[in-house]
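Structure first, commentary second.
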Amino acid sequence: MTTTERPGAEHWVPDAATLPELRRAAHECRGCELYRDATQLVFSSGRRGAPLMLVGEQPGDREDLEGRPFVGPAGRMLTSAINASGISPRDVYLTNAVKHFRFERRGKRRIHEKPGVAHVTACRPWLVAEFAAVDPRVIVCLGATAARAVLGREVRIGAERGRLLEPGPYATAPVVVTTHPSALLRIREEAERTSAFEAFVADLHLAASSR
Ligand code: URA
Ligand code: SF4
């Protein structure tokens, strides 16, 4: 497959599938070229019926190696925010807009590269199948890539956070958009980072109290 051939995940997504069936099938996906350089597919964690579905961007370096979402630095930040918002981890289903790690090699290092709109589109059928299989009450988009995947349009997080949004053409529940936890990690100034963390926790709390 050349880099421009992206048939999309449709062909690999089984109809009316349970979560274990989806997870198994996803490992075969060749819907875009990202499967070729990644170590493995990172599907999701969490259970059917979890009231909150949190959607990230794509697996990072650690997630790619471990095969589980949000186990690296951004995941630690997310875990502290979930704890601070009083949400039980049992009530959270964690997934990503794109299921394979996109990166650029620089010597021995692998540098995160944002997934493109075409990757988000190619991978969306998995997300749509997860909406049906998990049936969450509220869907939280962590950052603009997740918001594009879930809502199918460009979203400015600053302008649309802090309230419940209509599901749009793909989602099956109201949507809350917020920042990505890795954006918090990049803030150097402490007071600024604290207030960004508080705003993030407030968005999670809004989602949890709207379910
Ligand atoms: N960032 C994400 O968006 N998802 C992960 O799983 C890890 C880091
Ligand atoms: Fe399939 Fe998504 Fe992986 Fe592309 S990123 S191969 S669409 S699972």
### Task
Per DSSP H run of n ≥ 4, the term is -39500 (n - 2.57); total these for the chain, divide by its residue number, and report the mean residue ellipticity at 222 nm rounded to 500 deg cm²/dmol.
-11500 deg cm²/dmol
### Query
Lys/Arg Cβ at +1, Asp/Glu Cβ at -1, dipole of the chain taken about the Cα centre: which of 182, 155, 138 is farthest positive-ward?
182
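Above 17 angstrom, tally the Cα pairs of the stretch 104-198 and express them as a % of all pairs, no decimals. Numbers along the way, then the final one.
Working: 2581 of 4465 pairs.
Tail fraction, whole percent: 58.
As an exercise, identify the trypsin sites (Lys or Arg not before Pro) in the stretch 26-67 lying in DSSP coil whose Cβ has no more than 14 other Cβ atoms within 10 Å. If you can, show how the numbers build up before the last one.
Details: sites: 30, 36, 47, 48, 62; in loops: 30, 36, 47, 48.
Here the trypsin sites (Lys or Arg not before Pro) that fit, given the DSSP loop and packing criteria, are 36, 47, 48.
Magnitude of the Cβ-charge dipole of the stretch 67-211, K/R +1 and D/E -1, about the Cα centre, nearest 20 debye? Each step should come with its number before you reach the end.
On the way: 22 positive and 13 negative charges, 147 e Å.
Charge dipole, the stretch 67-211, about its Cα centre: 700 debye, nearest 20.
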### Message
Suppose each label sits 7 Å from its Cα in the direction of the beta carbon; what would the residue 24-residue 153 distance come out to in nanometres?
### Response
3.9 nm
### Query
Can you give me the Cα centroid spacing of the stretch 22-43 and the stretch 78-157 in angstrom?
15 Å
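Laboratory data are not the source of any read-out in this text; all were calculated from the coordinates shown. No experiment lies behind these values; they were computed from the predicted model shown. Please note: Cβ atoms are built from the backbone with ideal geometry, for glycine as well, and neighbour counts cover all protein chains shown.
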